[in-house]
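The values are calculated or read from the model by the stated rules, or taken from the named source; none is laboratory data. Source: prediction; values computed, not measured. Note: ideal-geometry Cβ built from the backbone for every residue, glycine included; neighbour counts use all protein chains shown. Quick note on the areas: whole protein, heavy atoms, side chains included, nothing else; ligands and nucleic acids left out. Shrake-Rupley method; radii C 1.70, N 1.55, O 1.52, S 1.80 Å.
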Amino acid sequence: MVQNTSEARARLLGTATRLFYAEGLHAVGIDRIVAEAKVTRATLYRHFPSKDELVVAYLRGADQAIRDRVGEALGSGRPAADVLRAVARSIAEDIRSPGFRGCAFLNAVAEYPDPGHPVHRAVLAHREWFLSTVTDLLARAGETPPEPAGRHVVMLRDGAMAAGCLTDPVAVGETFLHGVELVLQRTAQGT
């Protein structure tokens, strides 16, 4: 029975992830998720007592996927600047991927602007982790002080994620990578 429950939860979350990312959080209703996941409403609410909890689970899944990719780069043993380049390349690849619709987190916060809402807090938690990770990499690469450069990289990422679904994603990815490289060159020059 536990295995079936886990399978149902996985189907619900997989369906919600696909639909939320492609169509938006408010645009997709519970009835559609239940129908496409082929579960009952009772099963949905047993795993996710509210739609908000399902949205937070979707964002946590997106967060974990990014953390896993960053963790792979961090575990490579490469210098910090090369790890940041690898993270940036991963972002550029996402932007060029079929069906790209921007950043799941920026999209979510646009729909949930209340800073006290659990969805908004999940977005902020991801962003704080990402900024901290980038800032730490820049500090290890020699940036002094690393905080402004970290914020710069995050803003470059945000802009690339927004532009990547509006214009040529290849050009956007290349521009983003160039911007990250400029930050790293500044770091290497100590300016």
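Remarks
- Test: residue 108 is open to solvent by less than 20 Å² (accessible area, probe 1.4 Å), outside any loop (DSSP other than H, G, I, E, B) and at pLDDT 95 or above: yes
- The set of residues in the stretch 23-57 being closer than 19 Å to residue 122 by Cα, open to solvent by 10 Å² or more (accessible area, probe 1.4 Å) and out of contact with any Pro (no Cβ under 8 Å at 6 or more places or on another chain) consists of 26, 47, 49, 50, 51, 57.
- The residue pairs whose first member lies in the stretch 69-83 and is within 18 Å of residue 139 (Cβ to Cβ) and open to solvent by 50 Å² or more (accessible area, probe 1.4 Å), whose second member is modelled with pLDDT of 95 or more and among the aliphatic types (A, V, I, L, M), and whose beta carbons are closer than 6 Å, counting only pairs six or more residues apart or on different chains, are 74/83.
- The stretch 84-102, subset open to solvent by 20 Å² or more (accessible area, probe 1.4 Å) and outside any helix (DSSP H, G or I), residue nearest to residue 21 (Cα to Cα): 101
- Residue in the stretch 112-125 that is buried (at least 16 other Cβ atoms within 10 Å of the Cβ), closer than 20 Å to residue 180 by Cα and in contact with an Asp or Glu (Cβ under 9 Å, 6 or more places away or on another chain) present: no
- Residue within the stretch 44-55 that is within 19 Å of residue 118 (Cβ to Cβ), of a type in the set (Gly, Ala, Ser), in contact (Cβ under 8 Å) with a residue 12 or more places away in the chain and out of contact with any Gly (no Cβ under 8 Å at 6 or more places or on another chain) present: no
- When residues of the stretch 155-169 are limited to those that are under 13 Å from the mean Cα position of the chain (by Cα) and surrounded by fewer than 20 Cβ atoms within 10 Å (Cβ to Cβ), the one farthest from residue 132 (Cα to Cα): 162
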